[in-house]
Structure formats: C-alpha cells, structure tokens
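Structure record follows, encoded as structure tokens.
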Amino acid sequence: MSAANGPTVEILSGVDAVPADLWDALAPPDDPMWGREVFTAMERGAIGPDGYAYAVVREAGRVLAVLPLAAVHGLRLDRIVGERERRMLAPLRRWCPGLLRVPMLFCGNFLGQGHILSREPLPEPVAGLLVRTVLTHARRHRLGTVIFKDFAPDELTPLRPALEAAGFFEVASMPDTELTLGYGSFEEYVAALPAKARRNVRSKVRKFKARDDLRIEVLADFVSLVPRMLELYGQVMERADQTLDVLDASFLRALHRPDGPEQRLVACFEGDRLVAYLLCLFRGDGAIGARIGLDYRLAHQAHLYHHVHYAAIELALARGCRHIRFAQTAYEPKRELGCALVEQRYALTHVRPLPRAVLRRLLPAALDAALARTLAPRS
C-alpha cells in the first residue's frame, strides 16, 4: 500500500524479516519488552495470538516506522473483563460460548506498553497510511475489532487525527507501574520511602530473614524450573481479574535461549521446592518484573509477593538500572513500594459501523468503572 508520491508500507510476516540493527535503532532503548528477542519468543510460543505481522513504512528507501500487529481470532471476552462483568456473562459462557469469542487485531506490543517504532514523531501522511493499513489488514483477516493497546497519551498524539477520522475512540486502560531508581543500595531506597512503607518493608524483611525454611536466589539458568513456574503462574492466573495472555512452556523456553533477552529469575525456595518467582528482563538501563508465580499455600503468611519484588529492586539497583516496571496488577502494594502509575490508553474501533457504534456507546463507561474498582484502595 502507498500514498501517491509519498511513503509506502509493507506487511512482513515475522520479526525475523525486520533487520536486527534496524529494530534496535528504532525500539525504546530501555524497555525490555521491546527487545527483538521477546517478539521472537512470542512468535514461537502459544500465549494467545494466532499470528503476527509487522507494518513497515518506507520513504525514499528509508524506514520511517514499524508497527507490530497481533491477531487473535477467538479472544474470550470473559477473560479480559472484571469480576462483575464476568458474572454477568456466565450464562452466555454456559449456553452460547461462541458469542464470547471476538476476533481482534492488537497494534503495538501484545505483552507490553504500546509504541510505534520510529526515530521521530510520525508525519501526518505516515500516520494516515499506517491507520489505513491496519484497517485493511484487519478486514483481510476477518478481525472485526482493532485496538491500539496500552499507548501513552503522548504516543497517540501523532496518530490521533488519522484515528479519529477512521472512527477510532479512546478509553483509559490499566496503568503501568514504574519505580524510579538511582539509589546506591537497597537500604538507601528503603530509607527514602515514607515512614509507614519504610516500617512495613523492614518488618517483612526482618521476619523473612528469621525463617530458615525459605531462601531467595537469583538465577540465570532456570529452564529446569519451567514446569513448576507454570504451576505457580497458573495459581496467579486463577485469581486474576483479567487474563489477556497466558504464558506457556514454549514461550518461556524460547525466551530462555542463548540468543534471548537479558533476564534473571528471582526465585524463592522452600527447601528445594520453588514457591515464588518474578521473571525479570533488562534492556539498557531499564528493567521489568515481567511475570510472577506464587504458591498460595504460604504466599500470604510469608509475604512472598513482597519479597520477590524486594529482590528484583535490589537486583535492578545492582545492575545500575534507572527504573523498573512491574505488571498492571496489585496496585496497592506497588504504591507502597514507591511505584508511580503510568497512564495508558486504548484507541479502538470496529471495521463495521453498527458494532462500532455499540462499542462506542457501551465500552468507555464499562472500562472506566472496572478501572475505578481496580484502583480503589483495599484493606
């Protein structure tokens, strides 16, 4: 597809078709979820999408932008809504499960914050060409709903005129959580926390150190633990309000390859048995606690969630990271850790007018209500 006397766009079928040096030049240098190796692992795994593509915009032989696309032909609505909405959908799940499966095209990063890879803000012709390309791709592959997922508001700014002209509308998505670092040690970080949070951290650390049945290790090689990691991850997913993606062994093993991203497993053991972990990825001076697993048999009384996060923060500090991000869940304990909430938005539409009108009418209020419940303080 091309604009007259202007940029052209090509759809590539896999990340291997995008040269590694080009990807590294365009991708955020401190966002581990945008390492090319993560997209390779996503394509090799079975985490949700049925297919991947990459819209590459060129002009005069120069690549201006790359936008990853992920197609999910049978997305289950009851897995991406809140608990209240899930109860309302229970009769449909029981009697007409097919009605809960929605074909959807995700633009950006299926597992992380949304970006369009480019060196500079997109000119209007490039933004318009990208939006038209995305809608054409969705129609061609029978993907009715199209969503630019988890973009920061300012990253949507260059796209906004083209998106609005094409019938897209914006709604708030779950915020990301980010902890700014720069401390010389974990104790220095703790000392900078507000008094109540500081007391809580020190109390939990003291009690954990007093136990002789639990220990934390940081592992570079953890492939032998993948089956147990999936068991613990499954326990977390059973309690999650939303489960857009579900990690599997093929994804974790692809991530763990020698050519995979820089990573460490913060692992908590009870004897020789893994009882909690936080998978940490690194890129530049950024880190992310990407996915967590917990054994709920002792997670609450031993504060396993907190301790793997403490260890991840200590690890990021030791590596000289400027910030570490965590998942879009459990906002209250992450606030106590000192994390800031990072605003993110969806831009979405449907390729047909009637479903688009229904989405525009119903979805913003439902998502705003779910977001308010998620962010509300809890005892």
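The values are calculated or read from the model by the stated rules, or taken from the named source; none is laboratory data. Just so it is clear, the model here is predicted, and its values are computed rather than measured. As a convention, Cβ positions derive from the backbone with ideal geometry for all residues, glycine included, and neighbour counts pool all protein chains shown.
Couple of notes before you dig in:
- With respect to being in contact (Cβ under 8 Å) with a residue 24 or more places away in the chain, closer than 30 Å to Ala162 by Cβ and either among the acidic types (Asp, Glu) or touching a helix residue (DSSP H, G or I) at 6+ places or on another chain (Cβ under 9 Å) (or both), Ala370 fits the description.
- Selection status of Ala312, in contact with a Cys (Cβ under 6 Å, 6 or more places away or on another chain) and more than 19 Å from Trp34 (Cα to Cα): yes
- When the range 312-349 is limited to residues that are modelled with pLDDT of 95 or more, part of a helix (DSSP H, G or I) and touching a helix residue (DSSP H, G or I) at 6+ places or on another chain (Cβ under 9 Å), the one that is surrounded by the fewest Cβ atoms within 10 Å (Cβ to Cβ) turns out to be Ala318.
- The helices (runs of 4 or more DSSP H) located wholly in the range 153-236 that include 1 or more residues which are more than 30 Å from Glu124 (Cβ to Cβ) and in contact (Cβ under 8 Å) with a residue 40 or more places away in the chain occupy 186-191, 195-210.
- Residue in the range 11-32 that is modelled with pLDDT of 95 or more, under 27 Å from Ala249 (Cα atoms), assigned to a strand (DSSP E or B) and not aliphatic (A, V, I, L, M) present: no
- Taken over the range 181-237, the residue count meeting the criterion of being among the polar types (S, T, N, Q) and within 30 Å of Arg253 (Cα to Cα) is 2.
- Matching residues in the range 269-297 - criterion: being over 16 Å from the mean Cα position of the chain (by Cα), assigned to a strand (DSSP E or B) and surrounded by fewer than 24 Cβ atoms within 10 Å (Cβ to Cβ): Phe269, Glu270, Arg273, Leu274, Val275, Leu294
- Residue check, Pro161 within 29 Å of Arg345 (Cα to Cα), of a type outside the set (D, E, K, R) and at pLDDT 95 or above: yes
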